[in-house]
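Below: one structure, written as structure tokens.
The values are calculated or read from the model by the stated rules, or taken from the named source; none is laboratory data. Please read these numbers as outputs of a predicted model, since none were measured by experiment. Backbone-built Cβ (ideal geometry, glycine too); neighbour counts: all protein chains shown. Accessible surface is based on the protein model in full, side chains and every heavy atom, while ligands, DNA and RNA are left aside. Shrake-Rupley method; radii C 1.70, N 1.55, O 1.52, S 1.80 Å.
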Amino acid sequence: MNSKVKIKPSYRNNRLKEYIRVKNRRIPIYKAGEDEDGNVKLQYVERFLRYYEEYIRNEDLVFLSNYLYHEISDCLEYNQFEREIRKQFSLCNNIQIYYFQNIEDWNEKGNFVNEKTTILQIDNKEKERIYILFEENKTYVGLSKEKIVLQSYERNRKAVGEFSLKERECYECAERTFKFGEKEKELSKVISTLMLCFPMYLYGIQKEVVQKDLWKETFISRVYHENSKLRIFHQQGDFMKPSDEINDEIKKFTAKGRKLFPQHERIKLPKADKSSGYSIEEVVLNRRTRRKYCNEAVSKQKFSNILYYSYGITGRLDKTDLMLRAVPSGGGLYPVDIYISVNYVEGLEKGIYYYDPLEHELVLVNKKDLSQISKEISGYAEMLDTAAFTFLLGANFWRNQWKYYERGYRVILLDCGHVAQNLHMMATAYNLGSCCLMGFIDDEINKLLELDGIVENAMYLITVGVNRKE
């Protein structure tokens with residue numbers, strides 16, 4: 001085989017990239033530098049892969065494309081290019097296997113006289129299994145056989161050490177596909193052999209999550225993410241309001257994030273008890289998304305427990321008046337507010353409520369019925385209509401961003417996830433089904449919750465209900 005290797009592991013982060021299209025997928029070809037004949041060779045690689053695409057596994061496309069581009073000699077005509085590939089593939093079907101305990105004794109136990117190509121399986125001191133391609137009849141100027149093998153060994157070890165999880169899975173799949181002692185001519189076996197010998201061409205597989213680049217569709221999110229990155233981090237003021245600029249009065253509001261409703265009806269919730277009966281490990285194992293509910297009511301005690309253990313005040317910091325909750329929040333600012341659309345909770349009328357975590361009370365925001373507009377605001381109307389209640393997480397941006405500025409929006413999204421997971425776990429602890437929803441009309445939900453949609457916004461919906469028996 002061609003001994004040159006244009007791509008090396010050290011080039012991983014600064015290689016040029018071209019694309020070919022095979023099986024209606026964009027396949028990246030990584031190049032270590034400009035290549036005058038690169039465009040012609042790209043066409044040859046694409047033509048070959050398209051002709052044989054029905055015999056090639058999807059997971060092998062990125063590797064095989066890059067291997068062909070870099071390891072097959074430059075050819076003036078396509079027929080010559082294809083003959084070179086066939087020649088190299090035939091070598092892979094006539095390999096001789098030798099086993100070695102360590103790399104130092106390879107020369108003593110190997111007999112390389114009759115075979116053109118040899119695969120060495122080496123278990124080194126770290127018990128890593130490395131495969132190396134060795135070509136007996138090649139002439140290497142200035143290199144002995146030992147140096148060639150050692151050079152290949154170091155190259156492969158470095159490549160495998162830098163693999164992502166997806167790349168490592170492909171490499172291990174090649175190990176399983178490769179059968180020692182067999183001389184099958186299946187293309188998959190040939191490719192597996194090549195993967196073991198040239199693992200560096202597996203780079204880039206983890207990039208192929210979707211079949212297209214999403215530059216236009218995700219422009220705004222990329223602009224935000226880029227402009228909210230930390231560029232320096234020498235002191236606290238590089239990404240947040242410095243502590244010495246926050247007066248004592250503002251500090252006192254930390255961990256007291258909530259809305260005040262002076263003129264609204266308030267409803268005291270039952271004191272939380274420990275009636276679940278499940279261990280935390282059992283709750284984790286049982287948690288699943290459940291979408292089918294049966295219009296049955298949930299007791300006010302269960303409803304109270306779910307809210308308290310998800311977002312209530314569960315303690316105080318020693319020797320201070322700092323209140324603590326069972327959910328993390330950036331800076332202890334708790335910008336997330338829990339609203340609830342109640343359908344079937346014992347002792348509560350239908351309507352929109354707000355949970356006051358400091359008092360463990362409900363505030364009746366209004367008597368609107370979410371089921372009346374569910375078909376207009378979401379594609380999940382059936383879930384919203386049959387759920388016992390739906391948590392609607394709202395966020396007050398200023399409650400966080402006075403301290404964290406633009407980066408605070410990232411923190412708010414994380415906070416929503418923390419709260420939602422607690423709500424899910426507690427619903428599971430009481431044998432209730434739950435499901436998260438992001439598919440809703442934002443402005444309509446904001447109107448329902450009486451939020452302005454600027455400083456305060458609806459962020460996340462979680463339906464909870466009694467599971468329907470199938």
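Taking the listed residues Gln421, Gln372, the one that is free of Cβ contacts under 8 Å to residues at least 60 places away in the same chain and within 28 Å of Glu281 (Cβ to Cβ) is Gln421, with no other qualifying.
When the residues of the stretch 439-458 are filtered to those that are surrounded by 14 or more Cβ atoms within 10 Å (Cβ to Cβ) and free of Cβ contacts under 8 Å to residues at least 60 places away in the same chain, the one that is nearest to Arg258 (Cα to Cα) is Leu451.
Note on the stretch 283-338: residues that are open to solvent by less than 50 Å² (accessible area, probe 1.4 Å) and farther than 16 Å from Met426 by Cβ amount to 12.
Apart from one condition, Thr390 fits all of (1) assigned to a loop (DSSP other than H, G, I, E, B); (2) in contact (Cβ under 8 Å) with a residue 12 or more places away in the chain; the exception is (1).
Looking across the stretch 265-282, the residues that are in a loop (DSSP other than H, G, I, E, B), touching a residue at least 24 places away in the same chain (Cβ under 8 Å) and open to solvent by less than 70 Å² (accessible area, probe 1.4 Å) come down to Leu269, Pro270, Ala272, Asp273, Ser275, Ser276. For the stretch 323-330, indicate whether the set of residues that are in a loop (DSSP other than H, G, I, E, B), in contact (Cβ under 8 Å) with a residue 24 or more places away in the chain and small (Gly, Ala, Ser) is non-empty. So far as the stretch 323-330 goes, yes, one or more of its residues are in a loop (DSSP other than H, G, I, E, B), in contact (Cβ under 8 Å) with a residue 24 or more places away in the chain and small (Gly, Ala, Ser). Is it true that some residue in the stretch 399-413 is touching a residue at least 60 places away in the same chain (Cβ under 8 Å), surrounded by fewer than 20 Cβ atoms within 10 Å (Cβ to Cβ), part of a loop (DSSP other than H, G, I, E, B) and not charged (D, E, K, R)? No - not one qualifying residue is present in the stretch 399-413.
Among the residues of the stretch 243-264, those that are modelled with pLDDT of 70 or more, surrounded by fewer than 11 Cβ atoms within 10 Å (Cβ to Cβ) and either in a loop (DSSP other than H, G, I, E, B) or of a type in the set (Lys, Arg) (or both) comprise Leu260, Pro262, Gln263. Within the stretch 213-228, residues that are under 18 Å from Ile412 (Cβ atoms) have Cβ atoms under 7 Å from residues that are among the aromatic types (Phe, Trp, Tyr) and modelled with pLDDT under 90 in no pair, counting only partners at least 6 apart in sequence or on another chain. Of the conditions (1) open to solvent by 50 Å² or more (accessible area, probe 1.4 Å); (2) closer than 21 Å to Lys256 by Cβ; (3) of a type outside the set (Phe, Trp, Tyr), Glu382 satisfies every one except a single condition; which number is it? Condition not satisfied by Glu382: (2). Kindly provide the set of residues from the stretch 359-370 that are under 15 Å from Leu448 (Cα atoms) and open to solvent by 30 Å² or more (accessible area, probe 1.4 Å), ordered by number. Scanning the stretch 359-370 gives Lys367, Lys368, Asp369.
Does Val342 satisfy being crowded, with 16+ Cβ neighbours inside 10 Å, among the β-branched types (Val, Ile, Thr) and in contact with a Gly (Cβ under 9 Å, 6 or more places away or on another chain)? Yes: the conditions hold for Val342.
Restricting attention to the stretch 73-109, the residues that are modelled with pLDDT of 85 or more, surrounded by 12 or more Cβ atoms within 10 Å (Cβ to Cβ) and within 15 Å of Val40 (Cα to Cα) total 4.
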